[in-house]
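Please read the structure below before turning to the comments.
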Amino acid sequence: MWRGKKVLLGVTGSIAAYKTTFLTRLLIKAGAEVKVVLSPAARDFVTPLTLATLSKNPVLWEYFDSEDDSGTWNNHVELALWADLIIIAPATSNTLGKMVSGTCDNLLLGVYMSAKCPIYFAPAMDLDMYRHPATRENIQKLQSFGHHFIPAGKGELASGLEGEGRMAEPEEIIAFVEEDMNIRSPLKGKKILINAGPTHEAIDPVRFIGNHSSGKMGVALAEQASALGAQVFLVLGPGSARPGDSTIEVHDVVSADEMNEACQEIFTNMDIAILSAAVADYKPAKKADQKIKKSGDNLEILLVENPDILRGLGERKSDGQVLVGFALETQNAVPNAIQKLHKKNCDLIVLNTPSEKGSGFGYDTNEVILIGRDEKTHTLELKSKSEIAKEILDHICNHLLA
Ligand code: C5P
């Protein structure tokens, strides 16, 4: 599970910080990409140089370098969004408390506040601090925010006292995260084909017929499916969006014919296919060999129909395969989408209604209606395309997978 995973390791000021050198080494050996962010106090326990050498990345601990006048700063939002997974180890009582209250007075706290990925904590503190009601309450609060805790171990503590509070060993942290992520991966072992973006249909060597699709919705679906454990094959038209997750197998295509060929080939071994691409319905009957010159007269281009990729997959879909289509309708939306669902033999159709403010082509948000074969509708209100993607996949896991 670690191969290609982007892990941000947050280290805070406890003596257990020395163990993060081993943790970094294990993550790198397992194939993860690691960036380390320290709390300022962590630098008293472990050197940035050691962790930078082991992680093969610069180690950061402040928003900007006070001795550097160039205006360069460490963007906490970029760091947070880069990470597929954050591990805070060791997590001190001070940092837990600040995270609960939303305090943001160092880079690591800024990263935490901006993160959207799963976050694991490995607390480390003296036994009385660990069992203090404030710590108990902070852990509960952070769990209620959706974060995960790797229980501290029992044994001799740096204070000389015996009890609970020792940070879990690096091997235990790795094993805990692996097991926990597996449980939270309902699509583990599943193969998903997703297509996304527009297609460009060539008129001549320099011109094409296209549309405004950015591919953002399909790329969000690919990233979320990968986060849920699926092996993802993304057939991507020439839009602007690309996935950040390097485990997604991207097949770049330009025309509907190329997209069709790639989808038909990949579909054979798939458990699920989600066709979100805005495929051009028509293409020029013939692509001119040379750039078409102005003639002073009107130009007529004969358009012929492109293959309907979704319908093609629907015709050959086997019993165990789940097929999801998208529909963009400007009038009589739900009845038209239902008709499309049956005509193309889909198990689910995701209806986009572009008239809604903030939804559709180019936006980072979307609002859709899910319609199943039973023709029941389920509206997903306006939210980010990532959140919409997660809810579509949750719906598939809960209603369509055996
Ligand atoms: O028929 P309509 O274009 O509205 O259907 C939309 C759905 O069909 C989308 O899932 C889209 O990806 C798919 N489609 C396709 N091939 C086409 C046209 C649309 O796969 N040529």
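The values are calculated or read from the model by the stated rules, or taken from the named source; none is laboratory data. Just so it is clear, the model here is predicted, and its values are computed rather than measured. Glycine gets a Cβ as well: all are built from the backbone with ideal geometry, and neighbour counts include every protein chain shown. With ligands, DNA and RNA removed, areas are computed over all heavy atoms of the protein, side chains included. Shrake-Rupley method; radii C 1.70, N 1.55, O 1.52, S 1.80 Å.
Tabulated results
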quantity: Residue in the stretch 179-190 that is over 20 Å from the mean Cα position of the chain (by Cα), modelled with pLDDT of 95 or more and either away from the ligand (no atom under 16 Å from the Cβ) or among the acidic types (Asp, Glu) (or both) present; calculated: no
quantity: Count of the stretch 203-238 residues which are under 11 Å from the mean Cα position of the chain (by Cα) and among the acidic types (Asp, Glu); calculated: 1
quantity: Count of the stretch 352-402 residues which are open to solvent by less than 50 Å² (accessible area, probe 1.4 Å), at pLDDT below 95 and small (Gly, Ala, Ser); calculated: 6
quantity: Given (1) in contact with a helix residue (DSSP H, G or I) (Cβ under 7 Å, 6 or more places away or on another chain); (2) of a type in the set (D, E, K, R); (3) surrounded by 15 or more Cβ atoms within 10 Å (Cβ to Cβ), index of the condition ASP308 fails; calculated: (1)
quantity: Filter result (more than 12 Å from the ligand (Cβ to nearest atom), within 23 Å of PRO238 (Cβ to Cβ), in contact with a strand residue (DSSP E or B) (Cβ under 7 Å, 6 or more places away or on another chain) and touching a residue at least 24 places away in the same chain (Cβ under 8 Å)) within the stretch 271-289; calculated: PRO284, LYS287, ALA288
quantity: Filter pass, SER255 being open to solvent by 80 Å² or more (accessible area, probe 1.4 Å) and hydroxyl-bearing (Ser, Thr, Tyr); calculated: no
quantity: Selection from the stretch 7-56 of residues that are touching a residue at least 12 places away in the same chain (Cβ under 8 Å), hydroxyl-bearing (Ser, Thr, Tyr) and open to solvent by 20 Å² or more (accessible area, probe 1.4 Å); calculated: TYR18, THR21, THR50
